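Asks: Encoded as structure tokens, here's the structure I'll be asking about.
The values are calculated or read from the model by the stated rules, or taken from the named source; none is laboratory data. Note that the structure is predicted; figures quoted are calculated from it, not measured. Cβ sites come from the backbone with ideal geometry, for glycine too, and all protein chains shown count toward neighbours.
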Amino acid sequence: MEYIRLKKISLKEHPQINEKWVQQKIADDTSMLGLGEIELKDMERKQPRAGRLDFLFQDDNNRRYEVELQLGKTDESHIIRTIEYWDIERKRSPQFEHVAVIIAEDITSRFLNVISLFNGNIPIIAIQMNAVQIEGKIGLQFITVLDETALPTYEEDEVFQIPTDRKFWEEKAIPATVELADEMLTLIHEHVNNNIRLKYNKFYIGLEQNGIANNFVTFKPRKQNIIF
């Protein structure tokens, strides 16, 4: 099978592509977001005194998705805008279940830490958008890096942050436990970010990026299996 090297590009810095172009591609094929069978209800939906919502989707289970798209890195204004639009829409249409969805080319660790403060009070999904160039053409890939399940709040309790090392975990559990964490890390490197490393703590194995906790996945052993 012939191998083609993929070249990742920045849409924000591209001289010809803008957010409108990306919006139209998503509207033409909503399945690319990985949210299941969803129907586009509205684009650029006007919000009272708050701008416009990029997308409003709905699935067969009467669940609506308020989606905000941003080229480049997500930032504070992107997060606030997404939550604000989600809140407006859930009040406007209380008969539906509502989920906030934020899409950006770079989902930073700072963003994930901010979301962890919500403790599940706001159902929110974060999707990283990657653009690749192949033989003069551009393809889009969307990877969910945070689903609507509340993030663990281990960082909020100092007892959970007692640092250890790999040897501690191989003795605390079994070598297979750490090996499975290694396998999961390989998948994270392939599909999310290859700069992420395992961070060994006394009560769980977390993740770190550039020395900062980035626990969108954690590993904690049970007697019979591992949950993450």
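Asks: Take the residues in segment 172-199 that are within 15 Å of T108 (Cα to Cα) and hydrophobic (A, V, I, L, M, F, W, C); name whichever of them is farthest from the chain's Cα centre (by Cα).
Replies: I196
Asks: In segment 168-196, what residues are assigned to a helix (DSSP H, G or I) and among the polar types (S, T, N, Q)?
Replies: Those that are assigned to a helix (DSSP H, G or I) and among the polar types (S, T, N, Q): T177, T186.
Asks: So, one more: Please work out if I125 is surrounded by 15 or more Cβ atoms within 10 Å (Cβ to Cβ), assigned by TED's automatic domain parsing to the domain that holds L33 and at pLDDT below 85.
Replies: In short, no.
Asks: Select from segment 81-105 the residues that are of a type in the set (D, E, K, R) and in a strand (DSSP E or B) and write down the one among them that is farthest from T30 (Cα to Cα).
Replies: Restricting to residues being of a type in the set (D, E, K, R) and in a strand (DSSP E or B), the top hit is E97.
Asks: Same structure, new question: Can you tell me which condition R45 does not meet? The list is (1) modelled with pLDDT under 90; (2) more than 30 Å from K8 (Cβ to Cβ); (3) among the basic types (K, R), and all the others hold.
Replies: Failed condition: (1).
Asks: Right, next: Here are some residues: L151, L146, L207. Which one is at pLDDT 85 or above and surrounded by 16 or more Cβ atoms within 10 Å (Cβ to Cβ)?
Replies: Numbers: L151 fails: at pLDDT 85 or above; L146 fails: at pLDDT 85 or above.
On inspection, the qualifying residue turns out to be L207.
Asks: Then there's this: Please go through (1) under 21 Å from L112 (Cα atoms); (2) out of contact with any helix residue (DSSP H, G or I) (no Cβ under 8 Å at 6 or more places or on another chain); (3) at pLDDT below 95 for H14 and return the number of the only condition it doesn't satisfy.
Replies: (1)
Asks: In segment 213-228, which residues are of a type in the set (V, I, T) and at pLDDT below 80? Show your work before the answer.
Replies: Restricting attention to segment 213-228, the residues satisfying the condition of being of a type in the set (V, I, T) are 217-218, 226-227.
Scanning segment 213-228 gives V217, I226, I227.
Asks: Residues that are crowded, with 16+ Cβ neighbours inside 10 Å and assigned to a loop (DSSP other than H, G, I, E, B): does segment 61-80 have at least one?
Replies: yes
Asks: Please work out which residue is surrounded by the fewest Cβ atoms within 10 Å (Cβ to Cβ), limiting yourself to segment 18-54 and to residues that are part of a loop (DSSP other than H, G, I, E, B) and at negative phi.
Replies: Residue satisfying both the conditions and the ranking: P48.
Asks: Would you say E89 is surrounded by 14 or more Cβ atoms within 10 Å (Cβ to Cβ) and in contact with a strand residue (DSSP E or B) (Cβ under 6 Å, 6 or more places away or on another chain)?
Replies: In short, yes.
Asks: Given the structure, is G136 among the small types (G, A, S) and within 22 Å of K8 (Cβ to Cβ)?
Replies: Yes, satisfied.
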